[in-house]
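Presented below is the structure to which this report refers.
The values are calculated or read from the model by the stated rules, or taken from the named source; none is laboratory data. Keep in mind that what you see is a predicted model, and the values were worked out from it rather than measured. When we count neighbours, we look across all protein chains shown, and the Cβ atoms used for this are built from the backbone with ideal geometry, even at glycine. Ligands, DNA and RNA are excluded from the accessible area calculation, which covers all protein heavy atoms including side chains. Shrake-Rupley method; radii C 1.70, N 1.55, O 1.52, S 1.80 Å.
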Amino acid sequence: MLLWNEQFATGSRELDFQHQTLIDNINELETLLALPSPLPRDCDAMLSIVSFLERYAEKHFACEEHCMEYFRCPCRDQNQTAHNNFLKLFRPLKNRPTAEAFPRELVHSLHAAVKEWIEGHMLKVDSQLKPFIKGSHQETETSFLRLG
Ligand SMILES: [Fe+2]
Ligand SMILES: [Fe+2]
């Protein structure tokens, strides 16, 4: 389980909330993956979480990239490249044969990769926003940070 801690903080309540939402869903996926004999509805729930994670991450990335541009954060290019790489993690699952049974191994490895990625990325890249947001007199919770 991934637990929120202050080292992940970006200085924006909205971005931190979005990260927490990603973490909650990654943890929920972990709980379902640990079931010894998942029911069809558990498998459906796992695939729903995977698709939610991809869609939500895409929206979050757009907000965060906008925010890094706005505050001229020096790591903005690094952030964008990392986001593009994150979205590639979903490809093996999306490209699987459609008629296949529940792709447990693919979901398992996707979960491990996403969990490791998000933790490292929040610590090393997203948290670099903090001094820029903190040192700014601008309104930080501006409309571009909110997901529709
Ligand atoms: Fe990021
Ligand atoms: Fe982020």
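Straight-distance candidates among the lysines for linking to K134, with alpha-carbon spacing under 26 Å and chain neighbours fewer than 8 residues away dropped: K59, K124.
For T31 and E100 in one chain, what is 0.36 nm times their gap in residues minus the Cα-Cα distance, to one decimal in nm? Don't jump to the answer; show the numbers that get you there.
Working: separation 69, 0.36 × 69 = 24.84 nm, distance 2.27 nm.
Fully extending the segment from T31 to E100 adds 22.6 nm.
Listed by chain and number, the aspartates and glutamates whose alpha-carbon sits under 18 Å from that of K94, ignoring those within fewer than 8 places in the same chain, are D44, E54, E58, E105.
Give me the 1.4 Å probe accessible area per residue for the range 4-148, excluding ligands and nucleic acids, in Å². Provide the component values of the computation, followed by the final result.
Working: 8100 Å² over 145 residues.
Using a 1.4 Å probe on heavy atoms only, each residue of the range 4-148 averages 56 Å².
Under 1.5 on a/c is rounded, so check that first for the chain, then, if it is not, pick prolate when a/b is larger than b/c and oblate when it is not; a ≥ b ≥ c are the square roots of the alpha carbon gyration tensor eigenvalues. It comes out prolate by the Cα gyration axes. Carbon-plus-sulfur accessible fraction, the chain (probe radius 1.4 Å, protein heavy atoms only): 53%.
At a 10 angstrom cut-off on C-beta neighbours, averaged per residue, how do the peptides 71-81, 11-21 rank from highest to lowest? Please report the intermediate quantities before stating the final value.
Numbers: 71-81: 15.5, 11-21: 18.4.
Going by the mean number of other Cβ atoms within 10 Å, highest first, we get 11-21, 71-81.
How large is the charge dipole for the chain, taken about the Cα centre, if only the Cβ atoms of Lys, Arg (+1) and Asp, Glu (-1) carry charge, to the nearest 20 debye? Provide the component values of the computation, followed by the final result.
Details: 16 positive and 21 negative charges, 58 e Å.
Charge dipole, the chain, about its Cα centre: 280 debye, nearest 20.
Taken one residue at a time, the phi angles of the range 35-45 give Karplus couplings (6.51, -1.76, 1.60, θ = phi - 60°) of 5, x, 9, x, 7, x, 5, 5, 5, 4, 4 Hz. Gly and Pro are set to x.
Ranked by the mean number of other Cβ atoms within 10 Å of their residues, highest first, the peptides 83-93, 112-122 fall in the order 112-122, 83-93.
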